[in-house]
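These notes are about the structure you will find just below.
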Amino acid sequence: MIALVDVNNCYVSCERLFDPSLVGQPTVVLSNNDGCVVARSAEAKALGIQMGDPWFKLAADAQRWGLQRRSSNYPLYADLSDRTMRLLAQYGQGQEIYSIDECFLVPPPGQAQELLHWGRALKRVVARNVGLPVSVGIAPTKTLAKLATEAAKKIPDTGGVVHWDHTPPGFWDRLMESLPVTEVWGVAERTARRLQAQGITSIAGLRAADPVRIRDRFSVVLMRTVLELNAVPAIPLEEETATKQQIMVSRSFPEPIHDPSLIGDAVAEFAQRAARRLRKENQETARLTVFASTSPHRPGPDHHAATHLRLPIPTCEPGPLAAAARAGLAPHLETGMAYMRAGVMCMELTEVGAAPMIPDTITPQRPIGSLLDAVNARFGSGTMALGRYGTQEPAPWGNHQQNRSPGYTTDWSALRTVS
């Protein structure tokens, strides 16, 4: 058996943990610059609010609905997720962290009733030690565990824990008949349209399909899904995190930026952020893509500036990456364009030192990335950086987050006090 543990409405639950006034209220969490909905409470979903809905379309009805909004606070969510995952790892015989709010666990041996008690214990221990609500689905395969977890979320009588073998007769058959094939883990709209052309519209239809024909007409991945729907384990637990293939740092601006030099400052900052993430993963990059673009939704000419850079040697140092990003993009920018987005993508990633330098070809610069990391770890993120990124001056590309909660667990000055 395999279990999937899912934090219910993760971002909203993190906000409610430190602001109990949000409990029971329709609540949404918004993307960078408070643009679109990226998380919804159950009450907000009941109002018909969809993922990706722009806030400006909801604002007119927010007061009438009693709709609460919060700006995204990703450091807080990541920290609470890390606490949850480390805690859950103590209760499983194996763990795969699938996303910020989901992980697969290998449960201890036991009958259905024993594993139900184990799942309920997981709910209690996470609620007690972290404060977040979770749902648990236990099933023979990862795909079925995902389905069981959705049932645990949506059927109150389950108490948030479902075991595949501990349900009324015919329950799963009826559920699979009623759900569209897009509800299956890993089946997107494009694949669903191709399946529909084959007469497969429901999960039950996909389960009944011939795995070999599915492999021949679609892919081995979808064949494994069919096997998993038939309780045949075909997707193994990945206990080691896969190495990232690319790292991208980008941002949409709150207001248009017309000055190319400011765009250069922005991509230099993004390159430093990317360098920090590379060092965290013990990786280096050999190739950069740097871009800036206007918005198709604003009046005026469209322009997309981009460049692809091969670095002399793979690196994770902030200085060379920032300089390369700025210098590479500069010739492609046009004065007066209303740029609304820019970014840096690192590609051809390798482990640090995996690509040795050819002697006497390039003089390596003295590394400072580890020094910056040490200073920022001791005195707080953003204490030291290069160029404009190292100043406290607000940047025109900075996020506008009017309703961002404090960093309750990530900022010493934001710690809650008890009188």
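The values are calculated or read from the model by the stated rules, or taken from the named source; none is laboratory data. What you see is a predicted model, and the numbers here were worked out from it, not measured in a lab. Here the Cβ positions follow ideal geometry from the backbone for every residue, glycine too, while neighbour counts run over all protein chains shown. Just so you know, the surface numbers come from the protein's heavy atoms only, side chains and all, with ligands and any DNA or RNA stripped out. Shrake-Rupley method; radii C 1.70, N 1.55, O 1.52, S 1.80 Å.
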So A62 clears everything in (1) free of Cβ contacts under 8 Å to residues at least 60 places away in the same chain; (2) farther than 27 Å from V226 by Cα; (3) more than 19 Å from the chain's Cα centre (by Cα); (4) buried (at least 16 other Cβ atoms within 10 Å of the Cβ) except one condition, right? Which one?
(4)
Tally of residues being in contact with an Asp or Glu (Cβ under 9 Å, 6 or more places away or on another chain) and either open to solvent by less than 10 Å² (accessible area, probe 1.4 Å) or not acidic (D, E) (or both) across segment 135-157
15
Hey, G94 hits all of (1) touching a strand residue (DSSP E or B) at 6+ places or on another chain (Cβ under 8 Å); (2) farther than 25 Å from A234 by Cβ but one; which does it fall short on?
(2)
Say we look at segment 24-51 and pick out the residues that are within 21 Å of A78 (Cα to Cα) and assigned to a loop (DSSP other than H, G, I, E, B); which of these is least open to solvent (accessible area, probe 1.4 Å)?
S41
Might you check whether a residue that is more than 18 Å from I368 (Cα to Cα) and either open to solvent by 30 Å² or more (accessible area, probe 1.4 Å) or not aromatic (F, W, Y) (or both) occurs anywhere in segment 313-324?
no
As an exercise: evaluate L122 against (1) hydrophobic (A, V, I, L, M, F, W, C); (2) in contact with a Gly (Cβ under 7 Å, 6 or more places away or on another chain); (3) open to solvent by less than 10 Å² (accessible area, probe 1.4 Å) and give the number of the one condition it does not meet.
(2)
For segment 397-419, enumerate the residues that are exposed (fewer than 14 other Cβ atoms within 10 Å of the Cβ) and either modelled with pLDDT of 70 or more or over 21 Å from the mean Cα position of the chain (by Cα) (or both).
Q402, D411, W412, S413, A414, L415, R416, T417, V418, S419
Count - residues of segment 98-107 that are surrounded by 20 or more Cβ atoms within 10 Å (Cβ to Cβ) and aliphatic (A, V, I, L, M):
1
For segment 91-147, how many residues meet the condition of being free of Cβ contacts under 8 Å to residues at least 12 places away in the same chain and assigned to a loop (DSSP other than H, G, I, E, B)?
3
Surrounded by fewer than 18 Cβ atoms within 10 Å (Cβ to Cβ), without any contact (Cβ under 8 Å) to a residue 24 or more places away in the chain and touching a strand residue (DSSP E or B) at 6+ places or on another chain (Cβ under 7 Å): is that true of T182 in this structure?
no
Selected residue (criterion: surrounded by the most Cβ atoms within 10 Å (Cβ to Cβ)) from residues of segment 13-23 that are in contact (Cβ under 8 Å) with a residue 40 or more places away in the chain and of a type outside the set (G, A, S)
C14
Apart from one, (1) modelled with pLDDT under 90; (2) under 21 Å from L278 (Cβ atoms) all hold for T391; the odd one out is (2)
Take segment 183-214 and flag every residue that is more than 17 Å from A148 (Cα to Cα) and basic (K, R).
R190, R193, R194, R213
Exception for A89 within (1) in contact with a Leu (Cβ under 9 Å, 6 or more places away or on another chain); (2) buried (at least 17 other Cβ atoms within 10 Å of the Cβ) falls at (2)
